[in-house]
Amino acid sequence: MVGSDRREFQRLSLAKPILGLLDGQNALILDIGVGGAYIEHYGMSLPGQRHKLLFKWKGEDVEFVAEVARSNVVRTSGPMSVSQSGLRFVQAMGKSENRLNDMMATFVGKILAAQKANAMATDPGDSTLSDLGGARRSRARGYITYRLLKNGAWIVQPSSSPVQPQDGFTVASYEDEDELEILRETYEAADEEGRRLIRLVGELSARTVKKT
């Protein structure tokens with residue numbers, strides 16, 4: 001179940017909000033991650049309430065049962081209140097979890113590729129970061145955590161937890177070393193926001209690990 005992991009997930013702030021439906025009413029998705037979303041919608045919600053959030057990715061429905069974590073009224077529009085609410089995904093409908101992971105990997109991969117290209121004054125081209133974990137699925141269990149020390153050295157440790165460290169990232173143990181080398185190089189060159197996005201990439205990878 002999507003909501004079984006209660007830790008906080010990284011979210012991607014969208015340059016252009018995604019139009020969706022919250023219980024059939026128009027809503028704008030402002031931020032989104034593998035564990036939840038931050039949306040703007042009509043009406044008011046209370047923490048603990050559950051709604052259905054629906055949007056499209058590559059022409060396919062992405063739909064989740066979502067629980068309100070927090071909500072605030074930000075303005076009024078005629079007789080209606082407009083709220084911004086943080087949602088935690090509780091249940092994926094159909095193949096929605098896979099479609100969300102694909103969407104997040106595509107968005108984050110493009111952003112990181114552009115950041116790296118800007119830093120190196122090169123053409124971003126196609127980034128393998130967006131494909132991290134996408135080409136392979138394995139029955140291997142467990143994770144690998146990469147932590148960057150202040151002296152520039154990396155500590156690499158097997159882990160039983162998908163939690164993302166603040167000084168590095170955690171991925172599925174079966175990821176390709178060439179792709180991980182790209183991820184480490186990008187992490188070293190990235191600013192704090194870029195590093196947060198790399199931890200989001202790590203979350204996408206870690207979520208493919210088979211549960212014991």
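Things worth noting here:
- Rounded to the nearest 20, the size of the Cβ-charge dipole of the stretch 2-94 about its Cα centre is 160 debye, with Lys and Arg at +1 and Asp and Glu at -1.
- Computed on the Cα atoms alone, the convex hull of the stretch 2-94 gives a volume of 101 cubic angstrom per residue.
- Ranked by the mean number of other Cβ atoms within 10 Å per residue, highest first, peptides 35-48, 152-165, 195-208 order as 195-208, 35-48, 152-165.
The numbers here are math on the coordinates, done by the rules we state, and not lab data. Predicted model only: the values in this text are computed from it and were never measured. Cβ atoms come from the backbone with ideal geometry, glycine included; neighbour counts cover every protein chain shown.
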